[in-house]
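Novice: Take a look at the following structure, please.
The values are calculated or read from the model by the stated rules, or taken from the named source; none is laboratory data. For clarity, every value in this text was computed on a predicted model and none was experimentally measured. Neighbour counts are summed over all protein chains in view; Cβ atoms, including those assigned to glycine, are modelled from backbone coordinates with ideal geometry.
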Amino acid sequence: MTHVDLDDMQALLVAEKDQLEEELASHGRKTGGDWQGSSTEVKASSADFTEIADQIEELATNVPIVEELEKRYREVTAALKRIDDGNYGKCEVCGKEIPADRLEANPAATTCIEHAE
Ligand SMILES: [Zn+2]
């Protein structure tokens, strides 16, 4: 079996993490440790109905985007932690090595093909 190069995987994961942070910052704001979908701040006193409607629409668009991004962000940071811990590349269900081509397709994969959701 071909083994993945951990340094390569780490570089891919770090690059993805940076990109996700950037996207999260453009779609949401960080409150505490969590990201939340945000919209342009509209002052209630000066807002007319259209502005408020726009703001609600923006929020409705951003919230699911941020949820997706944050989910992926967690997967990526968890994978980086597994590299640090020396557990990277093992299926979390059966403990077998995850095939290199699967990890190359998704460096944050946590299971072998057999145990993929
Ligand atoms: Zn497995």
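Novice: Residues to consider are Arg102, Arg82; find the one that is under 16 Å from the mean Cα position of the chain (by Cα) and at pLDDT 85 or above.
Specialist: On the way: Arg102 fails: under 16 Å from the mean Cα position of the chain (by Cα).
Arg82 is the lone residue from the list that is under 16 Å from the mean Cα position of the chain (by Cα) and at pLDDT 85 or above.
Novice: Within segment 1-18, can you find the residues that are without any contact (Cβ under 8 Å) to a residue 24 or more places away in the chain and farther than 11 Å from Val76 by Cα? Don't jump to the end; show me each part of the working.
Specialist: To start, the set of residues in segment 1-18 that are without any contact (Cβ under 8 Å) to a residue 24 or more places away in the chain comprises 5, 7-8, 11, 15, 18.
Matches in segment 1-18: Asp5, Asp7, Asp8, Ala11.
Novice: Of the residues Arg74, Arg29, which is under 15 Å from the mean Cα position of the chain (by Cα), surrounded by fewer than 17 Cβ atoms within 10 Å (Cβ to Cβ) and not in a helix (DSSP H, G or I)? Break it down stepwise before answering.
Specialist: Values: Arg74 fails: not in a helix (DSSP H, G or I).
Checking each option against the conditions leaves just Arg29.
Novice: Which residue pairs have Cβ atoms under 6 Å apart, sit 6 or more places apart or on different chains, and have a first residue in segment 63-84 that is closer than 18 Å to Ala25 by Cβ and among the aliphatic types (A, V, I, L, M) and a second that is modelled with pLDDT of 95 or more and not in a helix (DSSP H, G or I)?
Specialist: Between residues of segment 63-84 that are closer than 18 Å to Ala25 by Cβ and among the aliphatic types (A, V, I, L, M) and residues that are modelled with pLDDT of 95 or more and not in a helix (DSSP H, G or I), the close pairs are Val76/Ala108.
Novice: Does Glu114 satisfy the criteria of being without any contact (Cβ under 8 Å) to a residue 24 or more places away in the chain, within 16 Å of the ligand (Cβ to nearest atom) and in a helix (DSSP H, G or I)? Step through it out loud before you land on a result.
Specialist: Values: without any contact (Cβ under 8 Å) to a residue 24 or more places away in the chain: yes; within 16 Å of the ligand (Cβ to nearest atom): yes; in a helix (DSSP H, G or I): yes.
Here the answer is yes, as Glu114 does meet what is asked.
Novice: To continue, here is another question. When the residues of segment 85-98 are filtered to those that are touching a residue at least 24 places away in the same chain (Cβ under 8 Å) and either under 13 Å from Met9 (Cα atoms) or in a helix (DSSP H, G or I) (or both), which remaining residue is nearest to the ligand (Cβ to nearest atom)? Walk me through how you get there before you give the answer.
Specialist: Going through segment 85-98, the residues touching a residue at least 24 places away in the same chain (Cβ under 8 Å) turn out to be 88-89, 91, 97.
Now drop any that are not either under 13 Å from Met9 (Cα atoms) or in a helix (DSSP H, G or I) (or both), which leaves 88-89.
On the way: Tyr88: 15, Gly89: 12 Å.
Across segment 85-98, the extreme among qualifying residues is Gly89.
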